[in-house]
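The values are calculated or read from the model by the stated rules, or taken from the named source; none is laboratory data. What you see is a predicted model; the values in this text were computed from it and never measured. Neighbour counts run over all protein chains shown; Cβ positions are idealised from the backbone, glycine included. Heavy atoms of the whole protein, side chains included, go into the accessibility calculation; ligands, DNA and RNA do not. Shrake-Rupley method; radii C 1.70, N 1.55, O 1.52, S 1.80 Å.
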Amino acid sequence: DHPDDWRDLMRLYLVRRTRTFIRENYASVDPEDGREYIAFESGERFYFPTRQPHTVRIQSEPGQVDPYALLYEPGIVNTINALQLPRYGMGNYEARGSRHAPTPNEAETLRRLSRGGKRLVGFSRTQLFKRLESGGVAFIQSVERHLLRNFVVLHAIDNDLPIPVGTQTAESLDVQAGDQDVEEVLLDEDVDGQAPTKPDETRWSLGLRSEEEFRDRADGVYRSYSKKRRRQFRWVRPELFVPGLADDLRTDCKGLLQVVRQCGQWESTKDSKLNRLEELLVSDHPNEKILIFTQYADTAAYLEGELRKRGHNDVLKVTGASEHPTELAWRFSPISNRKDYPPEKQIRVLI
């Protein structure tokens, strides 16, 4: 129940032998060339490689509008900076002295909401910028999901229905998986007969652009929340909040709607980062094993889907949700793991 205590405990017992630690405490220096090495019992030496990072720059395709140029425009950056993000600071909107006393469950929920405060709002804003850095698809997905959640809450307020409060609390920041989007909504099933809109390898956004489309979708999502998923949320009556909650939600929605309209539907063929990555795989390192790191599962899924769609069948992703991540590591590097996989089972590019 207390993440800080757990971390302090594990710090005392967790054995960490990083490359830097080994070099600083156990390495010897070759007098001939000054390289550091570890000597095994057999007398064989392992020399530490000198790793040198290089920045790979990308350029816009001639005659095409670079989607990243649109995403990094000052207007979009300023919009994100100006967001109030009221859903992450709902405790600030509590109607003190309301004539409608909260129930015990509502009082506990309000107490939890008040603990989030600026910390949770700041974290959420930073998360949006980090997803923009990760890739255009991850950022657009987050903006769309954020808008949809906003309109779900507005749907509840406008129709005097209980507001669903999710798990985004201050405590969750300490245990949240780093590759997940805090705004991920329930898009993995039909909502009242509507087709599922979870992005796949051919469609990487919800495709919602107008306020009417978001409101219509939010209506269906709210019904799903209140019926099929009711126990996954805490529920608070809207009269326990001041009108400023709805006002700030509408202001944020106005700015974010402008963002999704300006970005438009994401076209992977115009993704300069993806195109440059493919060039690295095909031209610069055509026969080498490639390990690609990215922070977000959404970006990993996008890269895998698009590269495989372009014919790169030796590409797979591994995320926190993968069922057998160790096996994928073995298939990527069978020799060093003393595994025997036929060539057709091996992975050349692991994301």
- Note on the structure: Hits in region 230-261: amide N under 16 Å from the 7 Å Cα→Cβ extension of GLU73, namely 255-261
- Amide H within-cut-off set for PHE241, under 5 Å, with H built and near neighbours excluded: ALA95
- Message: At 1.4 Å probe size, put LYS227, LYS130 in order of accessible surface, largest to smallest.
- Response: LYS227, LYS130
- Of LYS228/LYS317; LYS309/LYS345; LYS270/LYS345; LYS273/LYS317; LYS273/LYS309, those spanning more than 28 Å from alpha-carbon to alpha-carbon: LYS228/LYS317; LYS270/LYS345
- Quickly work out the THR20-to-SER333 label distance, labels modelled 7 Å from Cα along the C-beta direction, and quote it in nm with one decimal. 2.0
- Item | Point-to-point label distance, PHE129-ASP158, nm (Cα→Cβ direction, 7 Å offset) | 3.2
- Anyone know which of LEU245, LEU12, LEU132 comes out most mobile in the 10 Å Cα GNM of the chain? LEU12
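Please label the shape of region 277-345 as rounded, prolate or oblate, based on the square roots a ≥ b ≥ c of the eigenvalues of the alpha-carbon gyration tensor (a/c under 1.5 means rounded; beyond that, a/b larger than b/c means prolate, else oblate).
Oblate, since a/c reaches 1.5 and b/c is not below a/b.
Using only helices, what value at 222 nm comes out for the chain when you add -39,500 (n - 2.57) per DSSP H run of length 4 or more and divide by the total residues, to the nearest 500 deg cm²/dmol?
Rounded to the nearest 500, the figure is -14000 deg cm²/dmol.
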- Query: Out of region 7-99, which GluC sites (Glu not before Pro) are coil in DSSP terms and have no more than 15 other C-beta atoms within 10 Å?
  - Reply: GLU32, GLU41, GLU44
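Probe radius 1.4 Å, ligands and nucleic acids left out: which of HIS100, HIS312, HIS54, HIS324 has the largest accessible area, and how do the rest follow?
From most accessible down to least: HIS54, HIS324, HIS100, HIS312.
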- Task: Compute the distance in nm between two label points, each set 7 Å from the Cα along the Cα-to-Cβ direction, one at THR269 and one at ASP219.
- Result: 3.6
- Task: Please list, in chain and number order, the residues 5+ apart from LYS317 or on another chain whose amide H is under 5 Å from its amide H, with Hs placed from the backbone.
- Result: ILE351
- Just need the relative contact order of the chain here, percent rounded to a whole number, with Cα pairs under 8 Å and 6+ apart. 19
- Item | Cleavage-rule hits (trypsin sites (Lys or Arg not before Pro)) in region 242-351: DSSP loop, at most 11 neighbouring Cβ within 10 angstrom | ARG338
- Please identify every one of the trypsin sites (Lys or Arg not before Pro) in region 30-109 that sits in a loop by DSSP and has no more than 10 other beta carbons within 10 Å of its own beta carbon. ARG51, ARG57, ARG96, ARG99
- What residue among LEU256, LEU281, LEU120 has the largest mean-square fluctuation in a Gaussian network model of the chain, using Cα springs under 10 Å? LEU281
- Note on the structure: With the 1.4 Å probe rolled over protein heavy atoms, the chain has an accessible area per residue in Å² of 59
